[in-house]
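**Student:** Got a structure for you, written out below as structure tokens; questions coming shortly.
Every number here is computed from the coordinates shown, using simple stated rules; none is lab data. Worth saying up front: this structure is predicted, and the values here are computed from it rather than measured. Here the Cβ positions follow ideal geometry from the backbone for every residue, glycine too, while neighbour counts run over all protein chains shown.
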Amino acid sequence: MLKKLLLAASGSCLLLAANAPLVMAQERAETLKVGLWGDQFYSKDAAEKAQRTSQTIESMNAHKLNFTMYAGDTKNGSSECSDKAIGDDIISVYNRLDMPTLYTLGDNEWTDCHRTSNGAYDPLERLSFLRKTFFNKATTQGKSPIAVERQGELGEAYSENSRFVASNVEFVALAVTGSNNNLVVTEKQCTKKSKRSAEDCAAASEEYKARNAKNIEWLKESFAKAKQDQLAGIAIIIQADIFFPFELSDGGYEDDFMTSLDDKNGFTDFFKTLISETQSYDGQVVLINGDSHFFKMDKPMYNPNGQLTANFTRVQVFGEEDNSWIEMTVNPASETVFTFSPVMLN
């Protein structure tokens, strides 16, 4: 497990009031403290799982955060996708935090639920359940929620796509998940660990196409708002590691990664739109993701001429058996806007 301490965070703390308005007064450019986490609650031993969950919650509460951002996967990929496992159990966790949580969906709580080890659920039914359970109000999760804007009707399609503005920075959640974003293009993707039919897999791909279009729409609208309001930065949270498994050295980015961005890649449209919007935006952009289960912070975005996109940073959260998390300091008056400090838990 990689545990590298990068870019120590600093700054004072401001606590957001419960039920705060969607758009915080932009002239109040206070420093914010935000917890970044995801891919948690994986242990198969109930006592160990409870201990690690409590340790993470107690650590976040002790840090007096303004809010947290959860990058999906609220259980491991081989356990049952019951209502309790992906619903009630997770609500109880968020309600133990002193601060609200902006939650985006992961593949383990819906996309991969067709696996026999997961109970052979219909992923589209599980997605509908999650929308009605977590996104039926225009607020974040938690006992002290704050208001958010949602893309779809509350509790319905695309209601999981969310955003709000605080301290002159926009925070955006998008449903971009692992397992190729629910796009099924090979027989292996369709039937591995599963009893899905060809019709089931075709339905999955149709779901991807519709949601992908809405994701792109939400991403473009969010950047348009940031540009119009001259926001200092945008923090975008998704579940999928859209760069995995490509290393960016020795020509890997251009030779391997860029050539894989075709119509069989469920992240192509999101990735290309993110590049275009970031490179036409003057503020700082951070992409937060989970999925790969180890902490990483890098700058893996280049323009067609091979030049680094300086205003883009990617941060990948801890996960699986490691319940450490990352404290993100948001200072809109600073040059970088976002700085990061891993909080190591044993």
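**Student:** Straight-line reach from Lys137: which aspartates and glutamates have a Cα under 18 Å away, not including same-chain ones fewer than 8 places off?
**Tutor:** Asp88, Glu149, Glu153, Glu156, Glu160
**Student:** Please state the relative contact order of the range 32-343 as a whole percent: Cα pairs under 8 Å, 6+ residues apart?
**Tutor:** It rounds to 20 percent for the range 32-343.
**Student:** Along each of its three principal axes, how wide is the spread of alpha-carbon positions in the chain, in whole angstrom units, largest first?
**Tutor:** Projected onto the principal axes, the Cα atoms of the chain cover 55, 50, 40 Å.
**Student:** Roughly how many nanometres apart are two label points built 7 Å out from the Cα toward the Cβ at Ser128 and Asn61?
**Tutor:** That separation, rounded to one decimal, is 3.7 nm.
**Student:** Counting helices only, and only those DSSP H runs with n ≥ 4, report the 222 nm mean residue ellipticity of the chain as the sum of -39,500 (n - 2.57) divided by its residues, in deg cm²/dmol to the nearest 500.
**Tutor:** Rounded to the nearest 500, the figure is -7500 deg cm²/dmol.
**Student:** Please compute the modelled spin-label separation between Gln230 and Glu199, points set 7 Å along Cα→Cβ, answer in nm with one decimal.
**Tutor:** 5.8 nm
**Student:** Now a separate question. Taking the highest mean first, how do the peptides 168-174, 112-118 order by number of other beta carbon atoms within 10 angstrom per residue?
**Tutor:** 168-174, 112-118
**Student:** Name the shape class, rounded, prolate or oblate, that the alpha-carbon gyration tensor gives for the range 42-196, where a ≥ b ≥ c are the square roots of its eigenvalues, rounded holds for a/c under 1.5, and otherwise prolate holds if a/b is larger than b/c and oblate otherwise.
**Tutor:** The shape class here is oblate.
**Student:** Packing-wise, with mean Cβ within 10 Å as the measure, how do 139-148, 101-110 rank, highest first?
**Tutor:** Descending packing order for the listed peptides: 101-110, 139-148.
**Student:** Do the alpha carbons of any pairs in Lys143/Lys214; Lys272/Lys299; Lys214/Lys264; Lys192/Lys264; Lys209/Lys264; Lys49/Lys84 sit beyond 21 Å of each other, and which pairs?
**Tutor:** The pairs that break the limit, which is 21 Å between Cα atoms, are Lys143/Lys214.
**Student:** Ordered by packing density, taken as the mean number of other Cβ atoms within 10 Å over each peptide's residues, highest first, how do 225-231, 73-79, 317-323 rank?
**Tutor:** Ranked by mean Cβ neighbours within 10 Å, highest first: 317-323, 73-79, 225-231.
**Student:** Next question. Let me check I've understood the local charge: for Phe135, count other residues with C-beta under 9 angstrom from its C-beta, Lys and Arg +1, Asp and Glu -1. What total comes out?
**Tutor:** Net local charge, Phe135 excluded: +2.
**Student:** State the extension gain, in nm to one decimal, for the chain segment bounded by Phe244 and Lys84, taking 0.36 nm per residue of separation less the distance between their alpha-carbons.
**Tutor:** 54.5 nm
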